[in-house]
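The values are calculated or read from the model by the stated rules, or taken from the named source; none is laboratory data. Since we're looking at a predicted model, the values are computed, not measured. Cβ sites come from the backbone with ideal geometry, for glycine too, and all protein chains shown count toward neighbours.
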Amino acid sequence: MGIHKKNVVQIIIYALLVAGLVIVILPMIYMVSTSLKPNGALYEYPPRFFPDLKEITAENYLYILKQKKFLVNFANSIFVSGVTVALSAIVSSSLAFVIARFRFFGRRLLFGFIILTMIIPGTTMIVPQYELAVKIHAINSIFGLIPFYVAWVIPYSTFMIKGFVENIPRELDEATYMDGGDVWTVYKNVMIPLAKPGIASVSIFNFLTAWEEFPWANTVINDDVKRTLPIAISGFFGQHQFTQWGYVFALSVLSLIPIMVVFISCQRFFVKGLTAGSVKG
């Protein structure tokens, strides 16, 4: 009786998981199917989830790829996201190394401040951030996005990498010091290689943050040539007195390609980094 009850519970759990999976992927499937429809087919009645085989067309993708502005916006997003990931990895890994390995006055206060900044919603800081951007002449410049993005992701990245560094045996540090190494040697040759899964896992989140961010980029960037991809997607809303959803979804599908590449490349680090990095606080 107990085994039968356990099987029923497992079936219910799997059914709920499958239902959740369907709910998650249905919007993605609809986005892809709509991007393969002619623009006029979207407004047909009754609506259809999938287009007929004879209706499938790549005209939406061809239109997007012919737009020079798309390539510029795509390159802007790649640049901003790549630099954000690189800078945040350097800053957060070094900060996590210092907090995890050294004892100094204000260490707990510093780490507490890092934790505190994680619970502050980013949208509440738009006004002071804009005033700061004006003072440092970062308005209407893609270089004005990078420092703010890096500042947003450093607290979470530092928190996760710190937990990973604390799992690295201190004996490795001591062995490096005995061999004549210094702090930089320990950081470069011990901490970075062993904490690579943690750094890679947070880098995925940092890339997604910079790649998908819209409110701040839309606030400080006014020039079409300097805009990132999320702003370019929003530009199709309301064009020609109505939204051309085929173009919107085609551009959205294309914008997912870098995300998939990054995730697939780092997936072997992803689960290990999330679990091991949160063992110690």
Practice problem: Determine which single condition residue 236 fails, assuming it passes every other condition in (1) part of a helix (DSSP H, G or I); (2) surrounded by 15 or more Cβ atoms within 10 Å (Cβ to Cβ). | Solution: (1)
Quiz item: Looking at residue 222, is it in contact (Cβ under 8 Å) with a residue 24 or more places away in the chain and not in a helix (DSSP H, G or I)?
Solution: yes
Practice problem: Take segment 98-152 and flag every residue that is of a type in the set (A, V, I, L, M), surrounded by 11 or more Cβ atoms within 10 Å (Cβ to Cβ), more than 23 Å from the chain's Cα centre (by Cα) and farther than 28 Å from residue 226 by Cα. | Solution: 98, 99, 100, 110
Quiz item: Looking at segment 46-68, which of its residues are in contact with a Lys or Arg (Cβ under 9 Å, 6 or more places away or on another chain) and in a helix (DSSP H, G or I)?
Solution: 55, 60
Exercise. Could you please let me know if residue 211 is in a helix (DSSP H, G or I), farther than 30 Å from residue 256 by Cβ and out of contact with any Gly (no Cβ under 9 Å at 6 or more places or on another chain)?
Key: no
Quiz item: Right, residue 135: within 17 Å of residue 198 (Cα to Cα) and out of contact with any strand residue (DSSP E or B) (no Cβ under 7 Å at 6 or more places or on another chain) or not?
Solution: no
Quiz item: Among the residues of segment 69-106, which ones are assigned to a helix (DSSP H, G or I) and farther than 26 Å from residue 203 by Cβ?
Solution: 69
Exercise. Could you grab the pairs with beta carbons closer than 7 Å, sequence gap of 6+ or different chains, first residue in segment 175-189 and farther than 16 Å from residue 98 by Cα, second one aliphatic (A, V, I, L, M) and at pLDDT 85 or above?
Key: 176/186; 176/190
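Every residue, every condition in (1) out of contact with any Cys (no Cβ under 7 Å at 6 or more places or on another chain); (2) modelled with pLDDT of 75 or more, yes or no:
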residue	(1), (2)
204	no, yes
215	yes, yes
219	yes, yes
222	yes, yes
231	yes, yes
240	yes, no
251	yes, yes
270	yes, no
275	yes, no
